[in-house]
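Structure record follows, encoded as structure tokens.
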Amino acid sequence: MAKIETPKPVRGTQDIFGEDQERFQHVVETFERVRRLYGFKGVQMPVFEPTAVFARSLGETTDVVSKEMYSFEDRGGDSLTLRPEFTAGICRAFLTNGWQQHMPLKLSAHGPLFRYERPQKGRYRQFHQLDAEIIGASEPAADVELLCFADQLLKELGIDEGVTLQLNTLGDAESRDAWRAALVEHFSDHQADLSDDSKTRLEKNPLRILDSKAPNDRAIVATAPPIDPYLTAEASEFFAQVTEGLDSCNVVWKRDANLVRGFDYYRHTAFEFIPEVGSAAAEKMGSQSTILGGGRFDGLMEALGGPHTPAVGWAAGIERLGMLLGEPSAVGPDIAIIPIGDRAQAKATEIVALLRRAGGKCEMAYKGNMKKRMQKANASGARLALILGEEELDKREASVKILRSGDQKTISFDTLIPDVILMSQMEEDHELAISISSAGGFEGNEVVEIK
């Protein structure tokens, strides 16, 4: 019989486990907590959409549409695409579900996205992002609130040190048209030296050349005209109100007059949080420079057939944020349950259930003698061991041991559950030692009946 070959994962995908999964989950949980502080509602959309949703909104000249989308024809002959980003799908959902009545609408999402890119550190073909959008608000205050949200998220994750908010304006329609004409003239003068991709972009969207990573293009971009001389008074005032709002909120920012975002739908504010050169964040990120980025996309709804609807948003890679975290919190149990004998095993099962229902993180090995169970308890990282044998059962009590110090205390079943829960939640070891040396249960604890 031929040996069955174990399947390999698809290139550019990953199995997230252990410490990486704890980092991933910590990022998501922090995002969920902070988005509630800002009043953002969670939303879920399909993982795939009609291809037109992305082709129309992202722009035909973007690398994502022209090179990176996972598109396929289904059995009904429709062209579908695995979502490469969140914003276009959120806007489609906004239009098809008639959410205009809720404007301004603050939405947040997280989940997997798909792009056919060359896999490298921090970049996968299936990756995960956080996303936040404010739809139906044309005021600069919406941009400020969204940036404050992003800034607080990075601070609460503890990855703001050495990370800078880079900020630019792409102007209103009139500003962009004037700037576009100036860029066309500039890049046309250097057309022979442009990369093939940028020559194509010159005809369709010259602003995309500013985002080129080709070495020859970068030299030409360095001498390209900035947008400031072409800004209308209204566009200048809008950007001024954004920067003044950030200053009021103590959000530190730097101007980058060459900053553009990768998709065609951006207007006015564009921004990226980038690690500073030489910082610890930059070393961890490698070639991936952007931690979180976004901007205003006032023209996107029209591209999808809807009415003019101002909006602003940002996205951040969960894997990239996870890379920048410090050491993850311990994921093992706080309490290890160690029964001795069959009778104790049955009672321990009851106690484990009661502890978990009371909020205790506890584990009990499925088998093994006391020595092996103690070894597993120490290896798990638990702080406490709850030991239950025949003698303890007869006296309706259990022995609770601090694994690190070896100190031990006997606790009656009458107060066992609340006492052990309280002990497991003590942050300092010396507090735990004092609790072990004290007699009786903790004052005010409720009695949880153990049969």
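Every number here is computed from the coordinates shown, using simple stated rules; none is lab data. From a predicted model like this one, the values you see are computed outputs, not experimental measurements. Glycine gets a Cβ as well: all are built from the backbone with ideal geometry, and neighbour counts include every protein chain shown.
Kindly write out, for the range 377-386 in residue order, the coupling ³J(HN,Hα) from the Karplus curve 6.51 cos²θ - 1.76 cosθ + 1.60 (θ = phi - 60°), rounded to whole Hz, with x marking Gly and Pro.
5, 5, 5, 6, x, 4, 8, 10, 10, 9
Please report, in debye to the nearest 20, how large the charge dipole of the chain is about its Cα centre when each Lys and Arg carries +1 at its beta carbon and each Asp and Glu carries -1 there. Walk me through the numbers before you get to the answer.
Details: 52 positive and 69 negative charges, 351 e Å.
The calculated dipole for the chain is roughly 1680 debye.
On a full-extension model of 0.36 nm per residue, what is the gain between Lys121 and Ser279, subtracting their alpha-carbon distance, rounded to one decimal in nm?
Taking 0.36 nm per residue and subtracting the Cα distance, the gain is 55.2 nm.
Which whole-Hz couplings ³J(HN,Hα) result when phi for each residue of the range 45-54 is put into the Karplus expression 6.51 cos²θ - 1.76 cosθ + 1.60, θ = phi - 60°, listed in order with x for Gly and Pro?
Once rounded to whole Hz, the list reads 10, x, 6, 10, 9, x, 3, 4, 4, 8.
Going toward the positive end of the dipole of the chain, with +1 on Lys and Arg Cβ and -1 on Asp and Glu Cβ, which of Gly39, Gly306, Leu384 do you reach last?
Comparing the listed Cα positions along the dipole, Leu384 ranks first.
On C-alpha positions alone, give me the angle between the axis of helix 19-37 and the longest principal axis of the chain, in degrees, nearest 10.
Its long axis makes an angle of about 70 degrees.
Which FRET efficiency, nearest 0.05, do Lys204 and Asp247 yield, Cβ-Cβ r, R0 45 Å? Please report the intermediate quantities before stating the final value.
Numbers: r = 37 Å, r/R0 = 0.83.
After rounding, the FRET efficiency stands at 0.75.
Pairs to check: Lys155/Lys361; Lys67/Lys204; Lys121/Lys204. Give those whose C-alpha atoms are more than 20 Å from each other in this structure. Please report the intermediate quantities before stating the final value.
Working: Lys155/Lys361 28 Å; Lys67/Lys204 16 Å; Lys121/Lys204 32 Å.
From the list (Lys155/Lys361; Lys67/Lys204; Lys121/Lys204), the Cα-Cα distance tops 20 Å for Lys155/Lys361; Lys121/Lys204.
State whether the range 179-313 is rounded, prolate or oblate according to the following rule on the C-alpha gyration tensor (a ≥ b ≥ c being the square roots of its eigenvalues): a/c under 1.5 gives rounded; otherwise a/b larger than b/c gives prolate, and the remaining case gives oblate. Mind showing how you got there, number by number?
Working: a/c = 1.59, a/b = 1.11, b/c = 1.43.
Oblate, since a/c reaches 1.5 and b/c is not below a/b.
In degrees between 0 and 90, to the nearest 10, how far off the longest principal axis of the chain does helix 140-157 point, with axes built from Cα atoms?
Rounded to the nearest ten degrees, it is 40.
At 222 nm, what helix-only mean residue ellipticity would the chain give, in deg cm²/dmol to the nearest 500, using -39500 (n - 2.57) for each DSSP H run of four or more?
One gets -11500 deg cm²/dmol as the mean residue ellipticity at 222 nm.
Treat each spin label as a single point 7 Å out from the Cα along the C-beta direction, and report the Asp20 to Lys213 distance in nm.
2.0 nm
With label points built 7 Å along Cα→Cβ from the Cα atoms of Ser71 and His186, find their separation and express it in nm.
So the label points at Ser71 and His186 sit 3.1 nm apart.
Based on DSSP loop calls and a cut-off of at most 11 other Cβ atoms within 10 Å, the longest stretch of the chain free of exposed chymotrypsin sites (Phe, Trp or Tyr not before Pro) is what?
On the way: sites that count: Phe17, Tyr366.
Between exposed loop sites, the widest span is 18-365.
Working from Cα positions, state the angle (0 to 90°, nearest 10) between the long axis of helix 173-189 and the longest principal axis of the chain.
The answer is roughly 70 degrees.
What size of dipole, in debye to the nearest 20, comes out for the range 335-437 about its Cα centre when the only charges are +1 on Lys and Arg C-beta atoms and -1 on Asp and Glu C-beta atoms?
That gives the range 335-437 a dipole magnitude of about 520 debye.
Counting only GluC sites (Glu not before Pro) that sit in a DSSP loop (anything but H, G, I, E, B) with at most 15 other Cβ atoms within 10 Å, what is the longest stretch of the chain containing none of them? Spell out each step's value before the answer.
Numbers: sites that count: Glu5, Glu60, Glu161, Glu276, Glu427, Glu428, Glu443, Glu446, Glu449.
Answer from the scan: 277-426.
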